[in-house]
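In what follows, a structure is listed as structure tokens, so that the remarks can point back to it.
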Amino acid sequence: MHQKISLLLFMLALGLLIPGLNQPMLTLEASVSKKEMLDLAADSLIPERPDNSIIAQFAHAMIENLRLEGSVEIYKKTRSILGTMNDLFSSGNYFVAILIGLFAVVVPLVKLFLTALAALLRKRAVHGSLQNLAGMISKWSMSDVFVMAIIVGYMAANADDHPGDAVRMNAEFGPGFFYFAAYCLTSILSAQFLPRE
């Protein structure tokens, strides 16, 4: 019974990992308030000096009467894990791209494969060896650390969202984050249902 549950969870984990790698994981956006931009431009272009105080006062009064609302988007990027790896390779950051590929793609796939093989094989010696190898590899799996890094990035991007700031940052989780987080939990649960020696 435990073997069937483990295999079912393995299949579910694999089904969650694939969209977890391909779907957008995080969207980062930055926008600038139109009013704040105009005020900043007015302060830097028309400084208050004694020789042009009437002109400066007139210009500031005109700007204050402009009723600008809304914001202008200055940055928006949405990336999946595989999209991030592709960007890193394109920009010449090969080492970081390889690390992400290794810890977020290769190790999880190998761990799932070994877990499924251990659940399918009946011989105790082979089963135990595969289970031990999967356990050893899972120590190198950075999936949970990767998900936590995404959460920290999300919280950091939203930490400075105060009214009155000229630039506002926003971060939103994409479906890839939830698929990947669900993969992490399901993968751990799958290994728990494997029969022990």
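Selection of the stretch 65-96 for residues being closer than 27 Å to Arg168 by Cα and of a type in the set (Gly, Ala, Ser) yields Gly70, Ser71, Ser80, Gly83, Ser91. Annotation note: Cβ proximity below 7 Å between a residue of the stretch 81-104 that is more than 20 Å from Phe177 (Cα to Cα) and a residue that is at pLDDT 90 or above and not in a helix (DSSP H, G or I) (sequence gap 6+ or interchain) occurs for no pair.
Of the residues making up the stretch 153-188, those that are at pLDDT below 75 and assigned to a helix (DSSP H, G or I) number 7. Here Lys123 meets each of (1) closer than 22 Å to Gly174 by Cα; (2) at pLDDT below 85; (3) not hydroxyl-bearing (Ser, Thr, Tyr) with one exception, condition (1). Examine the stretch 26-42 for a residue that is surrounded by fewer than 16 Cβ atoms within 10 Å (Cβ to Cβ), more than 30 Å from Phe113 (Cβ to Cβ) and either of a type in the set (Asp, Glu) or at pLDDT below 70 (or both), and state whether such a residue exists. The answer is yes; a qualifying residue exists.
Taking the options Ile18, Ile55, name whichever one is among the β-branched types (Val, Ile, Thr) and at pLDDT 85 or above.
The unique qualifying residue is Ile18.
The values are calculated or read from the model by the stated rules, or taken from the named source; none is laboratory data. Nothing here was measured: the structure is a model prediction, and the numbers come from that model. Every residue, glycine among them, receives a Cβ derived from its backbone with ideal geometry; neighbour counts consider all protein chains shown.
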